[in-house]
Each structure stands twice: as C-alpha cells, then as structure tokens.
Amino acid sequence: MNPARQLDYTEHAEIYKALAHPTRLFIVYEIAENKRSVTELATKVGVDISTMSKHLEILRSRKIISRVKEGNQVFYKLEFTCLLNFFECVNNNLAK
C-alpha cells in the first residue's frame, strides 16, 4: 500500500474509532435531531458532565460534531450528517 493510501485509511480508522462506543453513537443520533447541551446529553445518558464532555471531545476532535455558543450556553450539533445514511444502512442489514 502506498503511503498516501495508508494515510487515508488511518484517517478513516480514527473516525470509526471515535464512533465505536454506544454513548458516542447515542450522541450522534441525539444531536442529529436537534442541537443539545452537555447537560442535556449527560442527563439523557445518565453520566456525569465530565464523562459526557470527554465523549463530546472525542467526537469534536474528529470533526464529527461541532460546538455552537448561544449566550452563556454551548450546544453541540452534528457536522457529519452523512453518517445517518451509514447508520440506516447498518440498521437495515442488522434487521435481515
């Protein structure tokens, strides 16, 4: 494999690793519908804010999600909206 191709696959693997946790998948599904704050997400999952912040940072560092500041609050929104198509594909194949 040539070095450029290796780099492409490495970058893809980093995205997949960021998604490889049930809580982070929940976050992606949840913010696909509407932007959410760390507090809202932590409450829905049942974890403390620091744990949720770590999950959010992993997704944000891979540019899967982004932060939006509104007044004194920070909300998270989905940037990789194409993931929803991938998830639908996975769900359809799991249902077979």
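When the residues of the range 81-96 are filtered to those that are hydrophobic (A, V, I, L, M, F, W, C) and in contact (Cβ under 8 Å) with a residue 24 or more places away in the chain, which remaining residue is surrounded by the most Cβ atoms within 10 Å (Cβ to Cβ)?
If we take residues in the range 81-96 being hydrophobic (A, V, I, L, M, F, W, C) and in contact (Cβ under 8 Å) with a residue 24 or more places away in the chain, then Leu83 is surrounded by the most Cβ atoms within 10 Å (Cβ to Cβ).
Could you tell me how many of the residues in the range 29-49 are free of Cβ contacts under 8 Å to residues at least 24 places away in the same chain and not hydrophobic (A, V, I, L, M, F, W, C)?
Going through the range 29-49 one residue at a time, the tally reaches 9.
It is to be established whether one or more residues within the range 16-28 are among the small types (Gly, Ala, Ser) and touching a residue at least 40 places away in the same chain (Cβ under 8 Å).
yes
For the range 67-80, which residues satisfy the criterion of being surrounded by 15 or more Cβ atoms within 10 Å (Cβ to Cβ) and either modelled with pLDDT of 95 or more or farther than 24 Å from Thr39 by Cα (or both)? Steps first, answer last, please.
Within the range 67-80, the first condition is being surrounded by 15 or more Cβ atoms within 10 Å (Cβ to Cβ), and the residues that meet it are 75-76, 78-80.
Across the range 67-80, the qualifying residues are Phe75, Tyr76, Leu78, Glu79.
Restricting to the range 34-57, name every residue that is surrounded by fewer than 18 Cβ atoms within 10 Å (Cβ to Cβ) and closer than 14 Å to Ala18 by Cα.
Listed by number, the residues that qualify are Ser53, Lys54, Glu57.
Anything in the range 54-96 that is outside any helix (DSSP H, G or I), among the β-branched types (Val, Ile, Thr) and under 14 Å from the mean Cα position of the chain (by Cα)? List them, or say none.
The answer is Ile64, Ile65, Thr81.
The values are calculated or read from the model by the stated rules, or taken from the named source; none is laboratory data. Quick caveat, the model's predicted, so the values are computed rather than measured. As a convention, Cβ positions derive from the backbone with ideal geometry for all residues, glycine included, and neighbour counts pool all protein chains shown.
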